[in-house]
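Worksheet: the structure to be examined is printed underneath.
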Amino acid sequence: MRHGRVRFLLGALLPALVLHVVFVLSPYAQAFYLSLTDWTGVAGSAHFVGAANYARLGGDALFLDAVRNNAVMLLVVPLVTIGLGLFLASMLHLGGRGGRRGIAGSGAYQIVYFFPQLLSLVVIAVLWGFVYNPNTGLLNSGLRAAGLGALARSWLAEPHLALPAVMAVLIWSSVGFYVVLFSAAIDAIPKELFEAALIDGAGGWHTFRRVTLPLVRESVQVAFVYLGIAALDAFAVVQVMTVGPGGPDGATEVIGLSLYRTAFTYGKFGYASAMGVALFFATLTLAVLALRGGRRERLELS
Amino acid sequence: MQPELPLRPYPTRRSILRTAVTAAASAPLLAACVTSGKDDKPAAAGGTKSATNPLGVPPDAALEVVVFAGGYGDDYARKAEALYTKEFPKAKVDHKGLQKVGEAMQPRFVANTPPDVVDNTGAGRLDLATLVAAKQLSSLAEVLDAPAFDTPGKKVRDTLLPGVVEDGTFGTDVVALNFTYTVWGVWYSKSLFAQRGWTYPKTWDDMLALCATIKKSGIAPWTYQGKYPEYINDPLLSMAAKTGGPDLVKAVDNLEPNAWKAAGLASAAAAFAELAGKGYLMAGSEALSHTEAQAAWCQRKAAFIPCGSWLESEQKGVTPAGFDMVMGAVPSRSSADVRPVTAVQAASSESYLVPARAKNRAGGLEYLRALFSNESARGFAQSASTLPSVAGATDGLTLSSGLGSVRDAVTAAGSDTFTYRFRTWYAPLAKAVDDATGELVNRRIDAGAWATRVQKAADAVAKDSSIQKYTR
């Protein structure tokens, strides 16, 4: 009997394990190996160059630009997105009269907020490219129509505005999803807790700070990891939307774009793999830190 | 209500480390997968060489042709295949028209099973310098010295426009033959200029004077494809090449010390800084894509736009009737210029390659001989309204206004055509030049800082031992 069980378990697990090794682990392993070679992407062979590719990363000005920009995005995008997401989600649930229900029409809002999630990121980048067009774009036309023509800018072509413009798109495209995520988390909080807070005389801010936030902490933590990974990527939006792309003059360069250009334009797959491995460890560190940092004992609600 | 919290929503440190170690340990086992192709050459089965079969094509061998099916389509390539099968009726031709040639061909080069002919063109093309360094390409000298397909008494080499053979040369070998001939210049609407009484300037001083007049009339003098600063690079580098002549271009391409600080380049950079400084660039140009800037130009919001000779076909659906676009040569910077004002930057593109490990290498070469025949090139000029790189292919044809102006520019230039090779040889340097020029025409750096920046990038490429060097 016991024998059959082992066989059954093996039969169930092995195919999945094999698929995982072939399609997930082996590409990783190959990338690790290639990062130590000078593979050009078209040659049948590659020479082992040791850590030379990694040593090169530190002196590559454009790559360092990319690291800086990704770091800025990593600071701004998750914070703003989660802040907005939490604000909108609480408003949808508790912003109404008396603090017991959502504002009028909250269901419709929730659907509208989710819309950007239905579009592919490339489509979003193309659309926002039109919005940011300095002469005919929605943003500048709107400013001019409102009599604020002096505020109109060449959003994607000015070095200090280009990165914020890209981050705005990333935030716009992801807020809706986190509104829905946090709404679900708030829904799971027992209504009595909010009622108790109300009876104790807590205002909107206090209810949020003392009741809602601690009880949706796990969702916020997961959101941080996801958004952090998205902020370390940002390749699609930058590639489609920005000047250059990655410009002006490296102002919106991201690691993914450097990697892509190094591999496919410069034909240095070995060096590009080193960038990929560096990015992999950055992402891994981020995920571990974000999850560990928030590891506290869980609140028991029963 | 019981909130359902997942028990372990995150991986533990231990499980992550374990995974990482497993991955690292399995690396050597799997490492061979990507680069497992063997480097030995296949024995190319040759046929017998004869007057009608100068390259010795095995008459019944199959031929695989991969063509970029972009703006020009791929019908012209099929027509050349028909010429090939007329010669070798027993040969089976496998034609593939692709959009992303690089993506499809990369694994086949790695596995050493490439097709017999590749048209390495389009956004996702493979880097030629990389292919050459990996010894993946055949020398095309044999086909260049073969008799021309349908021009009796001439070799293929002698039927090509100036610069075509050089464009395909890497080191000592010709490895690519480019089928189309591109000329760069400054475009304007002939009808607009006639209506306003403007004449296309021959010198930069005249250009600035005309720009002042144009600006007064309410039209922006220039626009450019700001999202891709390489477009405004072309007139800048053309102007420098006219001032400094072949020596300047050679010094730049050979990565000579201080090549970018030559007087010709400094004065050309200053000219374009001045164009921007005087407000002669249409506001907002710096953020416009090529389609947006070119559309604005077609709507007569700007008078000049720099572009290559593909502009007319690219703007086919957008150009209003009676716009009559024509291309002018970049004006001379000074009367002391080494080259005349008629000199143009011209280069061939649409690179046809024969992979070194092609099964039917002789067939691939023979296909190029057919493709570069007068009959095939003439058909292409008619259907694609683009200049092919075969001399005289457009003789006697009635051409559209843009293509006609391009042909006239080539005729007027005679042997005074030039091209920079650093863009194809050293892609990282091209990127550095584009970025610097973008900053220059947005007045964030001046001509001196431009030269310093670009020189630094050129020096870095020169010093980098991992980049294969070429000289001309």
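Would you please name the residue that is surrounded by the fewest Cβ atoms within 10 Å (Cβ to Cβ), looking only at residues in segment A:121-143 that are in contact with a Gly (Cβ under 8 Å, 6 or more places away or on another chain) and at the interface with chain B (Cβ under 8 Å from one of its Cβ atoms)?
Ranking the qualifying residues of segment A:121-143, first place goes to A:Asn135.
Only one of (1) in contact with a strand residue (DSSP E or B) (Cβ under 7 Å, 6 or more places away or on another chain); (2) closer than 14 Å to B:Ala302 by Cα; (3) among the hydrophobic types (A, V, I, L, M, F, W, C) is not met by B:Ile232, so which one is it?
Of everything listed in (1) in contact with a strand residue (DSSP E or B) (Cβ under 7 Å, 6 or more places away or on another chain); (2) closer than 14 Å to B:Ala302 by Cα; (3) among the hydrophobic types (A, V, I, L, M, F, W, C), B:Ile232 misses just condition (2).
Residue pairs, Cβ under 9 Å, 6 or more apart or interchain, first in segment B:96-114 and farther than 15 Å from B:Ala77 by Cβ and within 11 Å of chain A (Cβ to nearest Cβ), second charged (D, E, K, R) and assigned to a helix (DSSP H, G or I). List them.
That search, which allows pairs on different chains as well, returns B:Pro114/B:Arg108.
Among the residues of segment A:182-202, write down those that are small (Gly, Ala, Ser) and within 14 Å of A:Gly85 (Cβ to Cβ).
Residues satisfying the conditions are A:Ser183, A:Ala184, A:Ala185.
Quick one: which of A:Thr207, A:Thr212 is hydroxyl-bearing (Ser, Thr, Tyr), within 13 Å of chain B (Cβ to nearest Cβ) and either part of a helix (DSSP H, G or I) or closer than 24 Å to A:Pro78 by Cβ (or both)?
After applying the criteria, what remains is A:Thr212.
Name every residue in segment B:257-269 that is within 16 Å of B:Val433 (Cβ to Cβ) and buried (at least 16 other Cβ atoms within 10 Å of the Cβ), in order of residue number.
B:Ala259, B:Trp260, B:Ala262, B:Gly264, B:Leu265, B:Ala266, B:Ala268, B:Ala269
Please enumerate the residues belonging to segment B:354-375 that are over 21 Å from the mean Cα position of the chain (by Cα) and in a helix (DSSP H, G or I).
Across segment B:354-375, the qualifying residues are B:Arg361, B:Ala362, B:Gly363, B:Gly364, B:Leu365, B:Glu366, B:Tyr367, B:Arg369, B:Ala370, B:Asn374, B:Glu375.
Within segment B:226-254, can you find the residues that are within 14 Å of chain A (Cβ to nearest Cβ) and either surrounded by fewer than 22 Cβ atoms within 10 Å (Cβ to Cβ) or assigned to a helix (DSSP H, G or I) (or both)?
B:Tyr228, B:Glu230, B:Tyr231, B:Ile232, B:Asn233 - these are the residues of segment B:226-254 that are within 14 Å of chain A (Cβ to nearest Cβ) and either surrounded by fewer than 22 Cβ atoms within 10 Å (Cβ to Cβ) or assigned to a helix (DSSP H, G or I) (or both).
Filter segment B:187-225 for residues that are within 18 Å of B:Met282 (Cα to Cα), part of a strand (DSSP E or B) and among the polar types (S, T, N, Q) and give the result.
Hit for segment B:187-225 is B:Ser189, nothing else.
Modelled with pLDDT under 50, surrounded by 15 or more Cβ atoms within 10 Å (Cβ to Cβ) and either farther than 30 Å from A:Ala31 by Cβ or within 11 Å of another protein chain (Cβ to nearest Cβ) (or both), is that true of B:Tyr10?
yes
List pairs: first in segment B:116-134 and free of Cβ contacts under 8 Å to residues at least 60 places away in the same chain, second part of a helix (DSSP H, G or I) and surrounded by fewer than 23 Cβ atoms within 10 Å (Cβ to Cβ), Cβ under 6 Å, 6+ apart or cross-chain?
These pairs meet every condition: B:Gly124/B:Gly102; B:Gly124/B:Glu103; B:Leu126/B:Gly102.
Could you go through segment B:413-434 and let me know if any residue there is within 11 Å of chain A (Cβ to nearest Cβ), in contact (Cβ under 8 Å) with a residue 24 or more places away in the chain and touching a Pro at 6+ places or on another chain (Cβ under 7 Å).
yes
Considering only segment B:274-301, how many residues are part of a helix (DSSP H, G or I) and surrounded by fewer than 21 Cβ atoms within 10 Å (Cβ to Cβ)?
Qualifying residue count for the region: 8.
Within segment B:312-353, how many residues are at positive phi and part of a loop (DSSP other than H, G, I, E, B)?
Number of matching residues: 2.
Please pick out the residue among A:Ser174, A:Ser154 that is touching a Pro at 6+ places or on another chain (Cβ under 6 Å) and either more than 10 Å from chain B (Cβ to nearest Cβ) or modelled with pLDDT of 90 or more (or both).
Selected residue: A:Ser154, the only one of A:Ser174, A:Ser154 that is touching a Pro at 6+ places or on another chain (Cβ under 6 Å) and either more than 10 Å from chain B (Cβ to nearest Cβ) or modelled with pLDDT of 90 or more (or both).
Among the helices (runs of 4 or more DSSP H) confined wholly to segment B:65-162, which include 1 or more residues that are under 16 Å from the mean Cα position of the chain (by Cα) and surrounded by fewer than 23 Cβ atoms within 10 Å (Cβ to Cβ)?
Passing ranges, in order: B:101-110, B:128-133.
Which of the residues spanning segment A:201-221 are among the aliphatic types (A, V, I, L, M) and touching a Phe, Trp or Tyr at 6+ places or on another chain (Cβ under 8 Å)?
Selection gives A:Val211, A:Val216, A:Val220.
Does segment B:402-413 contain any residue that is of a type in the set (S, T, N, Q), modelled with pLDDT under 95 and farther than 17 Å from B:Tyr228 by Cβ?
Checked segment B:402-413: at least one residue is of a type in the set (S, T, N, Q), modelled with pLDDT under 95 and farther than 17 Å from B:Tyr228 by Cβ.
Would it be correct to say that A:Glu253 is facing chain B (nearest Cβ under 9 Å) and not hydroxyl-bearing (Ser, Thr, Tyr)?
Taking the combined requirement at face value, the residue does not satisfy it.
If you go through segment B:376-402 one residue at a time, how many are surrounded by fewer than 24 Cβ atoms within 10 Å (Cβ to Cβ), out of contact with any helix residue (DSSP H, G or I) (no Cβ under 6 Å at 6 or more places or on another chain) and assigned to a helix (DSSP H, G or I)?
6
The values are calculated or read from the model by the stated rules, or taken from the named source; none is laboratory data. Quantities reported herein were computed from a predicted structural model and do not represent experimental measurements. Positions of Cβ are generated from backbone atoms using ideal geometry, with glycine treated the same way; all protein chains shown enter the neighbour counts.
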